[in-house]
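Mind looking over this structure? Questions follow.
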Amino acid sequence: MLWLSEVLMEGHDLETFAALEQRIVEKARAGEMFFRMDVKPPFSDTPENWQEKLETVFTSAGR
């Protein structure tokens, strides 16, 4: 299971929401089956609908 908090803790190089989205895509393509969002991303460009966006990129990439 992929936890958003773990992605953020491992991703010290992440500086934008777009970079986070790309990292989620990479994790999904690496075989992660489930994704849980347990924290809000701390980036200044995090959109209000961040949960929907991350779920969409995870689901789309895993196909």
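For the structure I just gave you, tell me whether Phe35 is over 19 Å from Met1 (Cβ atoms), in contact with a helix residue (DSSP H, G or I) (Cβ under 7 Å, 6 or more places away or on another chain) and either surrounded by fewer than 17 Cβ atoms within 10 Å (Cβ to Cβ) or of a type in the set (A, V, I, L, M, F, W, C) (or both).
Here the answer is no, as Phe35 does not meet what is asked.
Follow-up. Considering the stretch 6-20 alone, what residues qualify as being in contact (Cβ under 8 Å) with a residue 24 or more places away in the chain and not in a loop (DSSP other than H, G, I, E, B)?
Correct list: Leu8, Phe17, Ala18, Leu20.
Please work out which one of (1) at pLDDT 95 or above; (2) in contact with a helix residue (DSSP H, G or I) (Cβ under 8 Å, 6 or more places away or on another chain); (3) not polar (S, T, N, Q) is the condition Ala18 fails and give its number.
For Ala18, the failing item is (2).
Across the stretch 21-63, what is the total count of residues that are assigned to a loop (DSSP other than H, G, I, E, B) and out of contact with any Ser or Thr (no Cβ under 8 Å at 6 or more places or on another chain)?
Of the residues in the stretch 21-63, 15 are assigned to a loop (DSSP other than H, G, I, E, B) and out of contact with any Ser or Thr (no Cβ under 8 Å at 6 or more places or on another chain).
The values are calculated or read from the model by the stated rules, or taken from the named source; none is laboratory data. The structure presented is a predicted model; accordingly, all values stated were derived computationally and were not measured. Glycine gets a Cβ as well: all are built from the backbone with ideal geometry, and neighbour counts include every protein chain shown.
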